[in-house]
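The values are calculated or read from the model by the stated rules, or taken from the named source; none is laboratory data. From a predicted model like this one, the values you see are computed outputs, not experimental measurements. So basically every Cβ, Gly included, is an ideal-geometry build from the backbone, and we count neighbours across all protein chains shown.
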Amino acid sequence: MPSASRSTTPVGIDLDVVEGRYAQLDDHTVSFETFKQDLDVAPYFRGLPGDACTCLHLGYVTAGQITFRWPDHEETYVEGEVACGWSDARARRSCCRGCVDSDICTAC
């Protein structure tokens, strides 16, 4: 069975706002991301259908917090919590400085 870890997955992006490590495991992408400052990720998805990633994501927050905002409510996940189903294109995702998460998504 294929596997990946933060320590063995090479850095794929290293921007002022985020460091991302990404591994392809069969038909899933595993990501390990560290946010260096508060970030609304919506601009990074402009141009995709619904201006959002439509893949199903399952994630685990290892530090900090991630907030998803819908028109009628928001949900915040903090260190130690699992977030499922990040594929809702209506949700806007924002990550706080110091947020560290691991995420598995289906191939789109």
If we keep only residues of segment 16-66 that are polar (S, T, N, Q) and within 20 Å of C84 (Cα to Cα), then the residue nearest to the chain's Cα centre (by Cα) is S31
So the strands (runs of 3 or more DSSP E) completely within segment 1-106 holding 1 or more residues that are touching a Gly at 6+ places or on another chain (Cβ under 6 Å) and free of Cβ contacts under 8 Å to residues at least 12 places away in the same chain are 11-14
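Hey, among the residues in segment 30-47 that are modelled with pLDDT of 85 or more and surrounded by fewer than 18 Cβ atoms within 10 Å (Cβ to Cβ), which one's nearest to L15 (Cα to Cα)? Break it down stepwise before answering.
Filtering segment 30-47 down to residues modelled with pLDDT of 85 or more leaves 30-40, 43, 46-47.
Retained after the next criterion (residues that are surrounded by fewer than 18 Cβ atoms within 10 Å (Cβ to Cβ)): 36-38, 40, 43, 46-47.
On the way: K36: 9, Q37: 10, D38: 13, D40: 14, P43: 15, R46: 18, G47: 20 Å.
Ranking the candidates gives K36 first.
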